[in-house]
Amino acid sequence: MLLLGPINVLNDLLLKAFSQETITFFIWPLIQIGLVVTLVALWVAYATYLERKISAFMQARLGPMRVGPWGLLQPIADGLKLLTKEDFIPDKADRWIFFFAPYIAVASAFIVFSVIPFGPDWAVIADVNIGLLLVLAVSSVGVLALILAGWSSNSKYALLGGLRSSAQMVSYEVAMGLSLIGALMFARTLSLSGIVAAQASDSIWFLVYQPTGFFLFLISGIAENNRAPFDLPEAESELVAGFHTEYSGMRWSLFFMAEYAAMVVVSAVATTVYLGGWYFPFVYRLEAAGQHNLFVFVSLLVFLVKTSIILYVYFWLRWTLPRFRYDQLMDIGWKWLIPSALINIVLSGFAIFVVQALDGWRGINTIESLERGLNLTATGKGIMIAIGVAGLFITAGLLARINWRSRDFHLKTQRRNIRLVNVPKGKPAVQPGS
Amino acid sequence: MHQVEIATTQETLLDSPEMVLNMGPQHPSTHGVLRIILKLDGETVIDLDCDIGYLHRGMEKISENRMYTQIAPYWDRLDYIAAVSNGLVWVETVEQMMGLPVPPRAHYLRTILTELNRIASHLLWLATHALDIGAVTVLLWALREREEILKIFERQFGARLTCHAWRVGGMPNDAYDDFNKDVRQFVNNFPKRLEEYETVLSENRIWLSRTVGIGVISAEDAIAIGLSGPALRGSGVAWDVRKSRPYAAYADMDFDIPLGENGDTYDRYLVRLEEMRQSRRIIDQALEKLPDGPVNAKLPKIVKPPVGDYYHSIEGPKGEIGCYLVSDGTAQPWRVRVRPPSFINLQALKQMCVGHLVADVVAIIGTLDIVLGEIDR
Amino acid sequence: MPLVKTPKPTFAQKLKRFFMIDFIKGLTLTLKYNLGALTDKDAVAGKGIYTEQYPKVRPDVAPRFHGAPRLNMDPETHDTLCIACNLCAIACPEDCIDVIPMDVEIIVAGKPRKKKVLDEFIFDTSRCMFCALCQEACPTSCLELTQDFELATYSRAGFVWNREMLEQGRETVKYTS
């Protein structure tokens, strides 16, 4: 009721100038795009602020406090500072590629937000039916920006750093894509709104069916974003410079914004696919009560809260864990995550087969109807959850088998003990002449 | 700046298998102005050379033109993190050369404050080592503990870092009024904090992957190079100057020395953590046994050791720091020579790094715990 | 190829490894710090915030702190306590002190005598190590290192203090917000 009024009024106003078709297909999407871009830009800017504050609290200190009350205007101050810095392009650098690389990075991070379902009805800009594929494809274009930035800087170390970063990102993208397939098998559609609807119709979050998938997706997402504990190419800019060394001022801040926007993208996709997106059981009753726009608004808030929780996990991991070395990083990507993702796919297929087979015997009731998602009964859900949890152990066992020769494998959680020795004391330092 | 000899082929970057990489003097992880030239095969280190001297201030030469009491502040600036221990070496060398008896209260206070300094130095080592490997939070926590110790130093000596703590014959001032209370409070809070650092690091699989088996040096090699301090004890050699030639009040103290087994980075990390616990134990005992009395001895008008030479060393946090003093009977020494533990420990860097990856070089420099002030003097 | 021998893990260690107990312990500690920063007031022994918001909050400087030098004056007569003995300049390892005496005529027991008093006192704080040897050398407790630590100036000449600056001390800017 609250929001329906203004939307109708605006609609009527616009009808005076344009046809209803233009409004539905052109003007409303423009307004949505404007809102989403503003929201995401603010979110990214305040994600940097939150990172500084949360890391400060974890370290028993305060974080930004001077600019504005509690330092709230810090991102704006940072933005202004970066805008006013000298913008120089190195002499021998490839001008046009150097110029475009940051824009490619930012564009590929922001385009993804056009398919993410922030809420049920009008809170999606474009409900494309290959939404998830679009997300993965466009994020991959971001890797191109890294390579171009490293190449065009015309610096030995920037090139090497950029190549290492992009090699890492490409390896983890394979793992990311494969880990999503498990959840896709349950949703049976690539459309992101469809995935949320599948979870809503089952009133379950896919996290419960697919714990392995969720962890795999999150870990590969963190590595994809070059965030700790996988940030050696960035942090080792001490030794081999990262791809963005030669960038300064606003261009550098575009890379920075692209990194945080990519973090928000991965969090949003993880929320949509595994945490139920905007779906929350009790909120659904608002829809039943007929308060449609309020329902959409509250679902929007639910989505934002869930995504922020995963963003908090990003910050939490960064400021607690040490870094992996590059070879260990690539090891994990190829020898641990990809086999786990493949095992996950096999197990998910097996789970669906079991559920359908049981239903076919007419002895046990597991599926209600095969219209949307899986639509399981309570027994069916129980079986799925059991297989999901068993999958964790099976995956761990198989990984141990695959990696039994790995050097680091036996090191884990093996704290060594130091022996204390009480050596007999010698003579005290003697004074000469005595 | 001297020319460093690392033979390399003449091929270009992308053709040759070898690359010469310069970890220049300005670097966040070299703990000072240290320049390392690495010869790499891909990512593996095949050769290494250090270029030092960027922090050389001519301290030993300056000392030849100063009086004995004026030289003490220069010693603080050697290993500027452990200024109290450095001051102790100098002052004890002069006292022992002159045969000056130091009152027992001064000995005990020296023990307490030197052990506090050892904890402070090890905390900074832990902070920077964890920072290099990526766990940034431990940096801030360890610096918070160190801040408490520096507050005690400020109240006692008047300065936090370069304290000019001791004078020949004892100390300039007695312990300040709240000394016992402050040190007691620190000693009570400290074990819990050490547990916190261990929770985040010691069993963490990422930490283990980064430190186990990295920078291994065997006991024989360690003795051959002349390592001392935790670097030596991490390889299993039981040598601690506090036990073998006790100075100050250590002869009365009951403590253990931790020994590692494998001589890798993880062992040295555990050894230093355990040393902090043993230091806490020493401080506890010394506070209990603290005698009353004066804190400084009567000095002649001008401090003049007899003609001759003398060597005295103590167990500093980085290793065995020593002073070789040659006196010609005048008010200014003939020669002052510092035995810098970091300089000698740095000689092991090449042996420890060859065969490892570039990212490990940073961890190995951290585990040797070098301070350029001491290396370059 | 492990460079050191590591023993094979026991079953309990394998379980700990599977459930990622090492990560969980570290992560819980950081979470406790995060919540403690908002609720805990004890920073020294607990998980509270340790920051001291300088320059709004002035730090607690110890009485013995080796800070800016000051020449003390007799509280009643407002004469300087310095007797121009030059001991501080001799004691200084860095030669930052310059004591310039002058002779004045005074009457002692009816006869005119010459007495050495202080004319000018130059102290170069840019060379100073703040080792307090000068403070210890002074026989009349005239030269004292105070608790003032904010010694920055905009020019090199600003570091060289003369007698007037040493006697009156410097103004520190106090921030109120």
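The values are calculated or read from the model by the stated rules, or taken from the named source; none is laboratory data. Because the structure is predicted, anything quoted here is derived from the model rather than measured. Every residue, glycine as well, gets a Cβ built from its backbone with ideal geometry; the counts of neighbours run over all protein chains shown. Keep in mind that these areas ignore ligands, DNA and RNA; they rest on the heavy atoms of the full protein, side chains included. Shrake-Rupley method; radii C 1.70, N 1.55, O 1.52, S 1.80 Å.
Quick look at the numbers
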quantity: Rg [Å, one decimal], Dmax [Å, integer] - the range A:85-335, C-alpha atoms; calculated: 19.3, 66
quantity: Residue order for A:92, B:350 - accessible surface, 1.4 angstrom probe, largest first; calculated: A:92, B:350
quantity: GNM flexibility winner over chain A from A:276, A:249, A:142 (Cα, springs under 10 Å); calculated: A:249
quantity: Highest average packing first - B:282-292, C:91-101, A:151-161, B:202-212, Cβ atoms within 10 Å; calculated: B:202-212, A:151-161, C:91-101, B:282-292
quantity: Spacing of the two label points (7 Å from each Cα toward its C-beta) at residue C:39 and residue A:18, in nm; calculated: 5.1
quantity: Degrees separating the helix C:21-39 axis from the principal Cα axis of chain C, which is the longest one; calculated: 50
quantity: Per residue accessible area of the range A:10-80, 1.4 Å probe, in Å²; calculated: 56
quantity: Per-pair calculated FRET efficiency, R0 = 60 Å: residue A:181 and residue B:173 via Cβ, rounded to 0.05; calculated: 0.25
quantity: Charge-dipole axis of the range B:177-327 as Lys and Arg at +1 and Asp and Glu at -1 on Cβ define it, positive-most pick from B:302, B:191, B:207; calculated: B:302
quantity: Net dipole in debye of the protein assembly as shown [+1 Lys, Arg Cβ; -1 Asp, Glu Cβ; about Cα centre; nearest 20]; calculated: 1760
quantity: Computed over the range B:223-331: relative contact order in percent, which uses C-alpha pairs under 8 Å that are six or more apart; calculated: 29
quantity: Apportionment of accessible area to carbon and sulfur, the range B:13-145, percent (1.4 Å); calculated: 58
quantity: Gap separating the Cα centres of the range B:34-48 and the range A:145-208, nearest whole Å; calculated: 35
quantity: Projected label distance in nm at residue A:81 and residue C:173, using a 7 Å step from Cα toward the beta-carbon; calculated: 1.8
quantity: Segment residue B:26-residue B:292, length gained on full extension (0.36 nm per residue, minus Cα span); calculated: 90.9 nm
quantity: At least 30 Å along the helix axis (C-alpha) and Kyte average at least -1.0, DSSP helices within chain A; calculated: A:28-58, A:131-152, A:156-187, A:249-274, A:292-320, A:338-360, A:378-402
quantity: Heavy-atom accessible surface of chain C: percent carbon and sulfur, 1.4 Å; calculated: 57
quantity: Cβ neighbours within 10 Å from other chains - mean over C:11-23; calculated: 5
quantity: Two-decimal Rg to Rh for chain B - Kirkwood Rh, Cα set; calculated: 0.99
quantity: Chain A, dipole about Cα centre (Lys/Arg Cβ +1, Asp/Glu Cβ -1), debye to the nearest 20; calculated: 1980
quantity: Area of residue A:284 that stays accessible when all protein chains are in place (1.4 Å probe, Å², to 10); calculated: 100
quantity: Accessible surface, 1.4 Å probe, highest first, among residues B:184, B:57, B:146; calculated: B:57, B:184, B:146
quantity: Two-site label geometry, residue A:94 and residue C:12: point separation in nm, points 7 Å out along Cα→Cβ; calculated: 5.8
quantity: Candidates A:79, A:213, A:277: whichever shows maximal mean-square fluctuation once chain A is modelled as a Gaussian network with Cα springs under 10 Å; calculated: A:79
quantity: Descending principal axes extents, the range A:10-80, alpha-carbon based, whole Å; calculated: 58, 19, 19
quantity: Over 21 Å (Cα to Cα) - which of B:61/B:304; A:92/B:39; B:243/B:318; A:92/A:156 fall in this group; calculated: A:92/B:39
quantity: Label zone at residue C:153 (point 7 Å along Cα-to-Cβ), backbone N below 11 Å, the range C:85-127; calculated: C:123-127
quantity: Options A:252, A:311, A:101, ranked by Cα towards positive dipole end of the range A:85-335, top entry (Cβ charges); calculated: A:311
quantity: Buried solvent-accessible surface, both chains (C, B), 1.4 Å probe, Å² to nearest 100; calculated: 3200
quantity: For residue C:86, net neighbour charge (Lys/Arg +1, Asp/Glu -1) across residues whose Cβ lies under 14 Å away; calculated: -3
quantity: For residue B:98, solvent-accessible area (1.4 Å; no DNA, RNA or ligand), Å²; calculated: 50
quantity: Lysines whose Cα lies under 19 Å from that of residue B:298, excluding same-chain neighbours fewer than 8 positions away; calculated: none
quantity: Solvent-accessible area buried by pairing B with A, both sides, nearest 100 square angstrom, 1.4 angstrom probe; calculated: 4900
quantity: Which of B:33, A:269 is most accessible, then next, and so on - probe 1.4 Å; calculated: B:33, A:269
quantity: Formal net charge of residues neighbouring residue A:140 (Cβ-Cβ distance under 13 Å; K, R +1; D, E -1); calculated: -2
quantity: Dipole-positive endmost among B:344, B:355, B:217 within chain B (Cβ charges, Cα centre); calculated: B:344
quantity: Those aspartates and glutamates that a straight Cα-Cα span of less than 12 Å connects to residue A:425, excepting residues fewer than 8 apart in one chain; calculated: B:240, B:252, B:254, B:256
quantity: Chain lengthening between residue A:11 and residue A:423 when straightened (0.36 nm per residue, less Cα-Cα); calculated: 139.5 nm
quantity: Extension gain (nm, one decimal) between residue C:77 and residue C:98, 0.36 nm per residue minus Cα-Cα; calculated: 5.1 nm
quantity: For residue B:320, distant residues with modelled amide H under 5 Å away; calculated: B:228, B:229
quantity: Choice from A:204, A:130, A:104 showing the highest fluctuation, given a GNM over chain A with Cα pairs closer than 10 Å; calculated: A:130
quantity: The protein assembly as shown - convex hull of the alpha-carbon atoms, volume per residue in Å³; calculated: 227
quantity: Set of lysines with alpha-carbon distance to residue A:335 below 26 Å, sequence-local pairs under 8 removed; calculated: A:412, C:5, C:8, C:14, C:16, C:25
quantity: Charge context of residue A:322, other residues only, Cβ under 12 angstrom, K/R +1, D/E -1; calculated: +2
quantity: Protein accessible area in the range B:214-268, 1.4 Å probe - carbon and sulfur %; calculated: 49
quantity: Convex hull of Cα atoms in the range A:67-207, direction-averaged projection (nm²); calculated: 12.3
quantity: Accessible area expressed per residue, the range A:85-335, with surrounding protein chains retained (probe 1.4 Å, Å²); calculated: 35
quantity: Nearest 10 degrees, 0 to 90: helix B:358-368 Cα axis against chain B principal axis; calculated: 10
